[in-house]
């Protein structure tokens, strides 16, 4: 384990992305069960955020300094309930609720085409199945929550479980590859409402999106629904490559439809979102490596951190108390497709002191860091995959459960 010191950063939380099948619905007249499109949802744009006069400091390289005092060990709560997904037989996937010891509490199966829609939410595990949204509860019951139209893309659940959101991508003019892109919020047992509605037309590109794009839903927190405008039909296999789709991102308040654009630069895609809509991005160079970590608050860069330019960066989580950021790097030479497990290094950045501790944990994908607990994620290896926790005090890895390749940690209920 090594220790380094960087410029102090503001609190941020890492955003993760997945690669799955997406459907573009062919239709000359797109239809939706959602009622009403507000004026603010049309084009889904807002005014520029208020000006912030903080000046970004000149980037400086890291200097090796002693690390901070070691915090007390942080272990998983015995009451934690995890959502885990594993490949099963006949092209199916198992979705399970497990406790911190790895013991299964409830399990069901989903099809391979639906496995990328699985999310953790209030009360259990949610996914889309045949035009319906399903919920697996701790009792083992599978509940029908509501419907979604054919071709619905990704699924999010509100923090309190009272509503869910999905996106659609519908062809409107095949001759020009134009599509209508929508984000729709459905109240459980109530009405649906379109909160974002825009046309993607390669013949009329805009500055805040790729020439041909669709919505990708990322998370739903108290700040709102975080989304990206991603290149249509993209998938990948390199280290952190799905995060490169987040060059054009925004967050929308599903109650008011107010939208704030966050990033609009493909060279520095969103890798983190924190309180106050602060964002972080790894700036890429021609080799694909990152030469800088930039922090932006209210549309103005407030911090920037010079990097070696020899690694790609991503996959991280911010601690719930806002004091520490965990993120990963992989050497550019080892970040290509075909690797069963990337040689990832986990970094823990103490925000107040600027010091960093680092250790290599091959194949790690850090995904969640709840208050007072360990970092949750999964690890890939040549022999399979495992759901793990990492103690931020010792950086020791604890295996919650092991499984075949493709086993992944989805979230905590």
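No lab work stands behind these numbers, since they all come straight from the coordinates. This structure is a prediction, so every number in the text was calculated from the model and none was measured. Note that each Cβ is placed from the backbone with ideal geometry, even for glycine, and that neighbours are counted across all protein chains shown.
Structure above, values below:
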quantity: Full-stretch length increase - residue 253, residue 234 - with 0.36 nm per residue and alpha-carbon distance subtracted; calculated: 4.2 nm
quantity: D_trans [Stokes-Einstein, Kirkwood Rh over alpha-carbon pairs] for the stretch 195-281, 25 °C, 0.890 mPa s, µm² s⁻¹; calculated: 184 µm²/s
quantity: Globularity ratio of the stretch 254-300, using Cα Rg and 2.2 N^0.38 Å; calculated: 1.30
quantity: Residues 132, 193, sorted so that the one with the fewest Cβ neighbours within 10 Å comes first; calculated: 132, 193
quantity: Ranking of 310, 222, 367 by count of other Cβ atoms within 10 Å, fewest first; calculated: 222, 310, 367
quantity: Gap separating the Cα centres of the stretch 193-244 and the stretch 359-413, nearest whole Å; calculated: 27 Å
quantity: Dimensions (Å) - the stretch 321-394, Cα atoms, principal axes, largest first; calculated: 38, 25, 17
